[in-house]
Amino acid sequence: ERFSKNNEPILILGQTGTGKEFAALDIHKLSNRSKEKFIAINCADFEGNPDFAKSRLFGHTKGAYTGANTEQKGLFEMCDRGTLFLDEFAELPLSVQGMLLRVLETKEFQSLGNSSIKLSNARIIAATNKNLSQMIIDKKFRDDLYYRVKGLTLNLPPLKDRIEDAFIIASNILKSLNIELELTDEDKEAISDYHWPGNFRELKNMIKSAYHNERTIVEQIVLEKEAYAQNNLAQLIIKNQTNTNLELPEKWEDVLPDKEWRKIYIKHVFNLSGQNYKKTSELVDLSVNTVKSFLN
């Protein structure tokens, strides 16, 4: 509510799935620009292509580059007096960062292939999950642009650090699906015990998945936790393969079923830990019961 009352750029920081675009949209709806356009663009779509980025943001004239068969308005022109949300802000090509800084400072820009000056009063809300300070050190991000947008910074904590919010969010998602259910104590306990690596997005999709598959929230979270643990274990095995007695098969006849090679790895870790179930479960990020099921 405080940030919505002025026209300064805003920087939203947070892990993937914490709701950065939702926050940006809320700011827009609460601002005096609420009746104007809100346009979101993912800067990762530019894939290091400065010309494409310049064209999308600032527009181009016909013939400005190969393939530019018609004149096209850019997002700054389309979003004049509205709010332009730049997601994955850190992925913006360096050469385009300077042009963005100019718009922020003077509201002026030029379309590709056009020397005339255009004006835009679009408000910028930028979001990223990257460490911009480190990117500046690595010469991958302009420090002057960073200092221009960081004045109003909104940090969105991961869902695991705001579990009370998770209960409210889960209840609202149930209502949006027209499900007349209240979260049970078992649901809340299951939500609290999970670390939510995908944050709000994972919670939303988990509840939808439970609904469409006719599972309880508790049952769905158990499946989510197991899938995460299995994937994490697979990555751990690949990472540490040279340090174990696991070997890649040379013939298809030597390929082991999924559960068998996981069993070999967990048994190896179990022996390394002095046959300590609790220590093994911590090392491979599985529950003690799951570890025991592999070893029995």
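The values are calculated or read from the model by the stated rules, or taken from the named source; none is laboratory data. Keep in mind that what you see is a predicted model, and the values were worked out from it rather than measured. Reconstructed Cβ throughout: ideal geometry from the backbone, glycine too, with neighbour counts over all protein chains shown. To get the accessible areas, we keep the full protein, side chains included, count just its heavy atoms, and leave off ligands, DNA and RNA. Shrake-Rupley method; radii C 1.70, N 1.55, O 1.52, S 1.80 Å.
Of everything in the stretch 158-183, what is in a loop (DSSP other than H, G, I, E, B) and in contact (Cβ under 8 Å) with a residue 60 or more places away in the chain? Give them in sequence order.
In the first step, residues of the stretch 158-183 are kept if they are in a loop (DSSP other than H, G, I, E, B); the result is 158, 162, 177-183.
Matches in the stretch 158-183: Pro158 only.
Going by the conditions given, is Gly59 at positive phi and open to solvent by 50 Å² or more (accessible area, probe 1.4 Å)?
Working: at positive phi: yes; open to solvent by 50 Å² or more (accessible area, probe 1.4 Å): no.
No, not satisfied.
Look at Phe22 and say whether it is in a helix (DSSP H, G or I), under 24 Å from the mean Cα position of the chain (by Cα) and under 24 Å from Ser4 (Cβ atoms). Yes; evaluated as a whole, the condition is true for this residue. Looking at the stretch 156-166, can you tell me whether even one residue there is of a type outside the set (Asp, Glu), modelled with pLDDT of 90 or more and touching a strand residue (DSSP E or B) at 6+ places or on another chain (Cβ under 7 Å)? Scanning the stretch 156-166 turns up at least one residue that is of a type outside the set (Asp, Glu), modelled with pLDDT of 90 or more and touching a strand residue (DSSP E or B) at 6+ places or on another chain (Cβ under 7 Å).
Which one is modelled with the lowest pLDDT, of the residues in the stretch 208-252 that are open to solvent by 100 Å² or more (accessible area, probe 1.4 Å) and polar (S, T, N, Q)? Step through it out loud before you land on a result.
Here is the first cut: in the stretch 208-252, the ones open to solvent by 100 Å² or more (accessible area, probe 1.4 Å) are 211-212, 214, 235, 238-239, 242-243, 245, 247-248, 250-252.
Applying the additional criterion that residues be polar (S, T, N, Q) yields 235, 242-243, 245.
Numbers: Gln235: 62, Thr242: 48, Asn243: 51, Asn245: 54.
Restricting to residues being open to solvent by 100 Å² or more (accessible area, probe 1.4 Å) and polar (S, T, N, Q), the top hit is Thr242.
Could you tell me which of the residues Leu104, Leu156 is open to solvent by 10 Å² or more (accessible area, probe 1.4 Å), among the hydrophobic types (A, V, I, L, M, F, W, C), under 23 Å from Leu25 (Cα atoms) and in contact with a Ser or Thr (Cβ under 7 Å, 6 or more places away or on another chain)? Outline the logic, then answer.
Working: Leu104 fails: in contact with a Ser or Thr (Cβ under 7 Å, 6 or more places away or on another chain).
The match here is Leu156.
Touching a strand residue (DSSP E or B) at 6+ places or on another chain (Cβ under 9 Å), of a type in the set (D, E, K, R) and open to solvent by 10 Å² or more (accessible area, probe 1.4 Å): is that true of Glu47 in this structure?
Values: touching a strand residue (DSSP E or B) at 6+ places or on another chain (Cβ under 9 Å): no; of a type in the set (D, E, K, R): yes; open to solvent by 10 Å² or more (accessible area, probe 1.4 Å): yes.
The answer is no for Glu47.
Of the set (1) in contact with a helix residue (DSSP H, G or I) (Cβ under 6 Å, 6 or more places away or on another chain); (2) surrounded by 14 or more Cβ atoms within 10 Å (Cβ to Cβ), all apply to Ser95 but (2).
Only residues that are over 20 Å from Arg148 (Cα atoms), among the polar types (S, T, N, Q) and at pLDDT below 95 were counted across the stretch 1-31, and they come to 3. Once the stretch 77-100 is narrowed to residues that are assigned to a loop (DSSP other than H, G, I, E, B) and not charged (D, E, K, R), the residue that is farthest from Asn49 (Cα to Cα) is Gly82. Does the stretch 81-92 contain any residue that is surrounded by fewer than 16 Cβ atoms within 10 Å (Cβ to Cβ) and either modelled with pLDDT of 95 or more or of a type outside the set (Val, Ile, Thr) (or both)? Looking through the stretch 81-92, at least one residue is surrounded by fewer than 16 Cβ atoms within 10 Å (Cβ to Cβ) and either modelled with pLDDT of 95 or more or of a type outside the set (Val, Ile, Thr) (or both). Lys188 meets each of the listed conditions (1) of a type outside the set (Val, Ile, Thr); (2) open to solvent by less than 70 Å² (accessible area, probe 1.4 Å); (3) touching a helix residue (DSSP H, G or I) at 6+ places or on another chain (Cβ under 9 Å) apart from (2). Between Lys225, Lys204, Lys208, which is in a helix (DSSP H, G or I), touching a Phe, Trp or Tyr at 6+ places or on another chain (Cβ under 9 Å) and not hydrophobic (A, V, I, L, M, F, W, C)? Result of the check over Lys225, Lys204, Lys208: Lys225. Is it the case that the stretch 105-114 has a residue that's aliphatic (A, V, I, L, M), in contact with a strand residue (DSSP E or B) (Cβ under 8 Å, 6 or more places away or on another chain) and in a helix (DSSP H, G or I)? Looking for residues that are aliphatic (A, V, I, L, M), in contact with a strand residue (DSSP E or B) (Cβ under 8 Å, 6 or more places away or on another chain) and in a helix (DSSP H, G or I), one finds none in the stretch 105-114, hence no.
In the stretch 50-77, the residues that are of a type in the set (Ser, Thr, Tyr) form Cβ pairs under 8 Å with partners that are in a loop (DSSP other than H, G, I, E, B) and crowded, with 18+ Cβ neighbours inside 10 Å, at six or more places apart or across chains, as follows: Ser55/Ala64; Ser55/Gly74; Thr61/Ser111.
Only one of Gly74, Gly67 is open to solvent by 10 Å² or more (accessible area, probe 1.4 Å) and at pLDDT below 95; which? Walk me through it before giving the result.
Values: Gly74 fails: open to solvent by 10 Å² or more (accessible area, probe 1.4 Å).
The match here is Gly67.
On the basis of being crowded, with 20+ Cβ neighbours inside 10 Å, outside any strand (DSSP E or B) and not β-branched (Val, Ile, Thr), does Ala53 make the cut? Spell out how you get there, then give the answer.
On the way: crowded, with 20+ Cβ neighbours inside 10 Å: yes; outside any strand (DSSP E or B): yes; not β-branched (Val, Ile, Thr): yes.
Judged against the criteria, Ala53 is a match.
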